[in-house]
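So the structure is just underneath, and the comments pick up after that.
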Amino acid sequence: MQNQVNSGDRTTWINGTGAKVLSGAVVIVGSQACIAAGDIEDGAEGELYSDGAVYISPKLQADVVTQGELLTFEIANSNWRNSSYTAITGDIVGAGVAVADAGGSADDVRVRIGNVGAITA
């Protein structure tokens, strides 16, 4: 197919954050949560996974997450929050789905990315 740019599992992104983004970090592009495929220096172009795959990613330790729960990405602390969390300005509601339970002592959650969430105004 002549008009296909890529297979859709990755997107190209230019890091304009002012800091190096580490491999595996969550990167918000518009209202979609993506995962850095490798380290991306500030000002450099890099690849982000945006494919609906499952990643282990940080969550607020106190939050209890249930498999299948729609998650919010909290911008201020760069972590996933459960559905009880009240989103504040800039957070991305519904940007991920938990694919396994994660208790209140867990630092991470298994999250499927690829959803286009809603940016909290």
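The values are calculated or read from the model by the stated rules, or taken from the named source; none is laboratory data. What you see is a predicted model, and the numbers here were worked out from it, not measured in a lab. With ideal geometry, Cβ positions are generated from the backbone for all residues, glycine too; neighbour counts draw on all protein chains shown.
Structural remarks
Residues are listed down the side, and each one gets a yes or a no for (1) of a type outside the set (Phe, Trp, Tyr); (2) at pLDDT below 95:
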position: SER50; (1), (2): yes, yes
position: SER57; (1), (2): yes, no
position: GLU69; (1), (2): yes, no
position: TYR85; (1), (2): no, no
position: THR89; (1), (2): yes, no
position: GLY103; (1), (2): yes, no
position: ALA118; (1), (2): yes, yes
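- Options ALA76, ALA37, ALA33; residue that is touching a residue at least 12 places away in the same chain (Cβ under 8 Å) and either in contact with a Pro (Cβ under 9 Å, 6 or more places away or on another chain) or assigned by TED's automatic domain parsing to the domain that holds GLY103 (or both): ALA76
- Identity of the residue in the range 1-16, at pLDDT 95 or above and either in a strand (DSSP E or B) or β-branched (Val, Ile, Thr) (or both), that ends up surrounded by the fewest Cβ atoms within 10 Å (Cβ to Cβ): ILE14
- When restricted to residues that are closer than 18 Å to ARG112 by Cα and either aliphatic (A, V, I, L, M) or within 9 Å of the chain's Cα centre (by Cα) (or both), the range 27-46 contains 9.
- Taking the criterion of being surrounded by 19 or more Cβ atoms within 10 Å (Cβ to Cβ) and not β-branched (Val, Ile, Thr), the residues of the range 79-105 that qualify are ASN79, TRP80, ARG81, ASN82, ALA87, ASP91, ALA95, GLY96, ALA98, ALA102.
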